[in-house]
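J.: Please read through the structure below; I'll follow up with questions.
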């Protein structure tokens, strides 16, 4: 059984996440979601649909993890709390002075909706934060994400392996 991934946003980061998913046999890209006209967005993965972001309102049963690929200044402060209520989310929020506020907003949204969802913050060397959470969420021994960490070489990891 593969981990079903959705990507919200298809700029440089979204395309990088798509490439990372392609390197992991136990991950499946379900769809790319965009605020742009979906007909104008061409993805590299054959057979993957590009859908309007509004389609995420009814796809909770089809996506295990939603990767938010927006910007920290304006996109993620609104998107992460919204989608964390209904999805397990990964984002790249990196406005360091506002991280506690961002966490509080995400927690408040999750509590308001009473959903048992997980939130993963991904920073520069994100494997340090993400790896333990992914390993808790999924059974031991499954392939993790293909790392695109800043300041280090890309590579895959498995739960329980040294980093």
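J.: Can you tell which of 76, 51, 56, 29 is under 14 Å from the mean Cα position of the chain (by Cα) and not in a helix (DSSP H, G or I)?
T.: Details: 76 fails: not in a helix (DSSP H, G or I); 51 fails: under 14 Å from the mean Cα position of the chain (by Cα); 56 fails: not in a helix (DSSP H, G or I).
29 is the lone residue from the list that is under 14 Å from the mean Cα position of the chain (by Cα) and not in a helix (DSSP H, G or I).
J.: How do the pairs read when you match residues in the stretch 69-86 that are closer than 16 Å to residue 99 by Cα with residues anywhere that are modelled with pLDDT of 90 or more and surrounded by fewer than 21 Cβ atoms within 10 Å (Cβ to Cβ), using Cβ under 6 Å and keeping only pairs 6 or more apart or on different chains?
T.: Final answer for the pair search is none.
J.: Go through the stretch 3-22 and give me each residue that's without any contact (Cβ under 8 Å) to a residue 60 or more places away in the chain, closer than 20 Å to residue 74 by Cβ and crowded, with 20+ Cβ neighbours inside 10 Å.
T.: Of everything in the stretch 3-22, those that are without any contact (Cβ under 8 Å) to a residue 60 or more places away in the chain, closer than 20 Å to residue 74 by Cβ and crowded, with 20+ Cβ neighbours inside 10 Å turn out to be 10, 14.
J.: Any idea which of 15, 4 is within 12 Å of the chain's Cα centre (by Cα) and modelled with pLDDT under 95? Step through it out loud before you land on a result.
T.: Working: 15 fails: within 12 Å of the chain's Cα centre (by Cα).
The match here is 4.
J.: Answer yes if at least one residue in the stretch 40-53 is in contact (Cβ under 8 Å) with a residue 60 or more places away in the chain, under 27 Å from residue 96 (Cβ atoms) and surrounded by fewer than 21 Cβ atoms within 10 Å (Cβ to Cβ), and no otherwise.
T.: Here is the first cut: in the stretch 40-53, the ones in contact (Cβ under 8 Å) with a residue 60 or more places away in the chain are none.
Within the stretch 40-53, none of the residues are in contact (Cβ under 8 Å) with a residue 60 or more places away in the chain, under 27 Å from residue 96 (Cβ atoms) and surrounded by fewer than 21 Cβ atoms within 10 Å (Cβ to Cβ).
The values are calculated or read from the model by the stated rules, or taken from the named source; none is laboratory data. Since we're looking at a predicted model, the values are computed, not measured. Don't worry about glycine lacking a Cβ; one is built from the backbone with ideal geometry, like all the others, and counts go over all protein chains shown.
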